[in-house]
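**Q** If you scroll down you'll find the structure; I have some questions about it.
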Amino acid sequence: MHRSEKLALSSLFRTKSETLPWHDRIVLSYERAKAIAALYKLTVDDVVNVSAKYWEFHMDPIQMLDFAAATLLTVHYNLCIGTIAMFPAGNQQVLQRLLSFELSGQFCLSELGHGLDALQIETTATLLDTGELELETPSDAAAKFMPPTTPCGIPCVAVVFARLIVDRMDRGIRPFLVPIHDGRTMYRGIVSRVLSPREGSHPVQHTLTYFHKVRLPGTALLGDMTTSLDVKSAFSHNIFRTVVGTLSMGAFALSSMRIASYVAGQYSRRRTVIHPSTGKPEAIIAFSTQKLAVFTGIAQSIVMTAFCNKAYSMFTSTEDPRQKLFIAAVLKTTIVQHCSSLLSVLSDRCGAQGLFAANQISVMHADIRGAAIAEGDVLGISIRFTFELIRGRVSPPAYLNPDHILAKHEKSVLAELRGIVGGRSEHHRGQEIESIILPRCQGLMEGLGHRLAVDAAIEAQVDPRIIDLYVASVIKHDSSWYTEHTNLSGSTQRQMERSSVEALYPELESLLGKLDITNYAIAPIVSDEQWTGYVNTLPMFTHSPFLDVQSRL
C-alpha cells in the first residue's frame, strides 16, 4: 500500500483537470503539489542523503496523477532545496520556508542557447564595489529556459547559475539564490515570458526568464568567491543534484508503466467483440495482439520495479559521483525507452479510448517525453557513458550470471565498440567515430540496463515466467545480434514471446493486482462503474421539451 492512497481518492486528485480552464489547471497543480508535500514532510536530511523516504516520495504513483505537480515537487526538493543545502550557512530560514512550501523553489541552469553545453552559459553575476552582485542576461540566447517563474500565488525563489565576474575576471559558473516574485508580482529587473504550452501533457507554465541589472546581496552567492583550479569539476559539483534527478526520472517512468498496464489490462478484460465463429461476445484480451501488449507491460513493470529498487541501493551505497551518475543514467535510459514504447503501444491497443486524456495513457506518454529530456537527456548521457565504458573509466556492475544470454549480448556489443575505437586517440566527435559509434550508444546502455534488470529481478525472486517474458521482449531490441550469435532465429524469438505470454495468461487478474496501482487508475475505461460515473459528468445537450422536430421541418 502506498502512503498516498487516501489522498489519491480525494476530490483534489479526482477532479478531471483536463476539463478546466488553463489558469485553473496551473493553480490546481500547485495545490496538489502542496498536498503531496504536506503528506511526506521531507526534511533537509531526506533530500541531502536521498533517504528511503525521499525515494518512496518519487516512487509514489500519485506523482503521475498530475505530472505538473510532480515536476514542481522534484525541482523544488531535489534541485532547489538540494543545492541550497550544499551551502547551508545563512540559508536555514529559506530552507525551512521551502520545506513547508511557503516558498516555491526553482532551478535556473539551462539557457535558450545552452542546454547540453551548459558550461557555456552566458548569464553573469558581477561583483560591484558596494559588495552587491548584479545579475544580467547579456543576450536573448542567455534567457533561462523552461523553469516556471511566473507568479503563481506562492512567493518564488530560484537557484540561478551564472558566471561570477570579479574585477572583470570570470571566476566560473556559480549558483546564486535569487528571489523571483512575491506570488503576485515579479521583482524589479526580472522578466518572465510564458512559453506556448506543451500540448498533451499536464501543463507546467514553462517560461523564458531574463535578468536586467538585478541587484543581489553578496550573500546570494552559494559558496565562496575563490577561483577553482578545476572549473569543470567545480561545475559538476555545483550541479550534482541533477544526478539525483536523473535517478528520480526513472521512478516517474515506472509509475507510468504500472498505471498504463493496469488501465489497458482492465479495459481489455471489459471490452468485448462478437466472435465471428461463435456469434458470442469475447473479451479482446483473448486476441494475441492484445495479450502480447498487456502482458509485456505487466512483465516490464514488475521487472523494472526490481531494477529501480536495485539502482537506488547501488546509487546510495557508493560515494563516487561518476559511478552515481552512471547508475542513474543506465536506469533512466532503460526505463524511459520501455515506458515510451510501452505507452504508445498500450494507447493504440485501447483504440480511440487511448487518445483521451481522461484515460491517462496518452497524457503520461507526453509527460514522459519531457522526463526523457529533463535532468540528463537520454541520448546525451548514453553517448557520454558509452565512451566512458569504452575507455575503461567506468565498468559495468558485476554480473549475477555472466553466461546469461543478456550478459553475453552486453559483453559482445561493448567488445565490438571497443574494437572499433581501438587505440585511437581521436576525440569521439571525429567524423568516422561519430558516424559509427554514436548511433549505437543508446542501444548499448539499454542492453546493459536489460541485463541489470534481470539480475535485479532474479535477486528479488520475481516469478521466472515473468522474467522469461521480459527477456523475450528485450531480445527484440537487437534481434539480429541474437540471430547471428546464438541459435535464436527470428521465428524462435517470436515463439519464446508467445510461450511466455500463454504461460501467464490464466493469471491475468492476479498479475494486474500485483501492480498495486488500483487507486491510481482513474481512467473511466477501467470499469463499468467508473465509466458510468464519468459519462454522468459530461456536458449534455438535448432537445427542448417545447420543440417538436416536425415543427422545424
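The values are calculated or read from the model by the stated rules, or taken from the named source; none is laboratory data. Because the structure is a prediction, the values reported are computed rather than measured. Positions of Cβ are backbone-derived with ideal geometry, glycine not excepted, and every protein chain shown enters the neighbour counts.
**Q** Within segment 460-467, identify whether any single residue is assigned to a helix (DSSP H, G or I), crowded, with 21+ Cβ neighbours inside 10 Å and in contact with a His (Cβ under 7 Å, 6 or more places away or on another chain), and answer yes or no.
**A** no
**Q** Mind checking which residues of segment 1-30 are within 26 Å of GLU199 (Cβ to Cβ), outside any helix (DSSP H, G or I) and of a type in the set (A, V, I, L, M)?
**A** LEU20
**Q** Further question: Please enumerate the residues belonging to segment 449-461 that are closer than 18 Å to TYR399 by Cβ and not basic (Lys, Arg). Spell out how you get there, then give the answer.
**A** Initial filter on segment 449-461 (closer than 18 Å to TYR399 by Cβ): 449-460.
Across segment 449-461, the qualifying residues are GLY449, HIS450, LEU452, ALA453, VAL454, ASP455, ALA456, ALA457, ILE458, GLU459, ALA460.
**Q** When segment 214-226 is examined, which residues are found to be within 18 Å of MET169 (Cα to Cα) and either in contact with an Asp or Glu (Cβ under 8 Å, 6 or more places away or on another chain) or in a loop (DSSP other than H, G, I, E, B) (or both)?
**A** GLY218, GLY223, ASP224, MET225, THR226 - these are the residues of segment 214-226 that are within 18 Å of MET169 (Cα to Cα) and either in contact with an Asp or Glu (Cβ under 8 Å, 6 or more places away or on another chain) or in a loop (DSSP other than H, G, I, E, B) (or both).
**Q** Oh, and also: What are the pairs with Cβ atoms under 9 angstrom where one residue, in segment 418-437, is within 17 Å of PHE385 (Cα to Cα) and the other, located anywhere, is modelled with pLDDT of 60 or more and among the small types (Gly, Ala, Ser)? Sequence gap at least six, or different chains.
**A** Cβ pairs passing all conditions: ARG418/GLY392.
**Q** OK, next. Looking only at segment 227-260, which residues are within 20 Å of ARG322 (Cα to Cα) and outside any helix (DSSP H, G or I)?
**A** Of everything in segment 227-260, those that are within 20 Å of ARG322 (Cα to Cα) and outside any helix (DSSP H, G or I) turn out to be SER228, LEU229, ASP230, ILE239, PHE240.
**Q** Out of THR150, THR219, THR226, THR185, which single residue is touching a strand residue (DSSP E or B) at 6+ places or on another chain (Cβ under 7 Å) and farther than 30 Å from TRP55 by Cβ?
**A** Being touching a strand residue (DSSP E or B) at 6+ places or on another chain (Cβ under 7 Å) and farther than 30 Å from TRP55 by Cβ holds for just one of THR150, THR219, THR226, THR185, which is THR150.
**Q** Only one residue in LEU504, LEU515 is within 21 Å of ALA283 (Cβ to Cβ), among the aliphatic types (A, V, I, L, M) and either out of contact with any Ser or Thr (no Cβ under 9 Å at 6 or more places or on another chain) or surrounded by fewer than 16 Cβ atoms within 10 Å (Cβ to Cβ) (or both). Which one?
**A** LEU504
**Q** Considering each residue of segment 31-58, count those that are in a helix (DSSP H, G or I) and surrounded by fewer than 20 Cβ atoms within 10 Å (Cβ to Cβ), and give that number.
**A** Of the residues in segment 31-58, 12 are in a helix (DSSP H, G or I) and surrounded by fewer than 20 Cβ atoms within 10 Å (Cβ to Cβ).
**Q** Of all the residues that make up segment 64-93, how many are in a helix (DSSP H, G or I) and surrounded by fewer than 18 Cβ atoms within 10 Å (Cβ to Cβ)?
**A** The qualifying residues number 2.
**Q** Further question on the same structure: Hey, among the residues in segment 111-136 that are surrounded by 21 or more Cβ atoms within 10 Å (Cβ to Cβ) and not acidic (Asp, Glu), which one's farthest from GLU375 (Cα to Cα)?
**A** Only one residue fits best here, namely LEU133.
**Q** Being of a type in the set (D, E, K, R), in contact with a Lys or Arg (Cβ under 7 Å, 6 or more places away or on another chain) and either farther than 30 Å from ALA283 by Cβ or not in a helix (DSSP H, G or I) (or both) narrows it down to one residue among GLU388, GLU410; which is it?
**A** Working: GLU388 fails: in contact with a Lys or Arg (Cβ under 7 Å, 6 or more places away or on another chain).
Result: GLU410 is the single residue among GLU388, GLU410 that is of a type in the set (D, E, K, R), in contact with a Lys or Arg (Cβ under 7 Å, 6 or more places away or on another chain) and either farther than 30 Å from ALA283 by Cβ or not in a helix (DSSP H, G or I) (or both).
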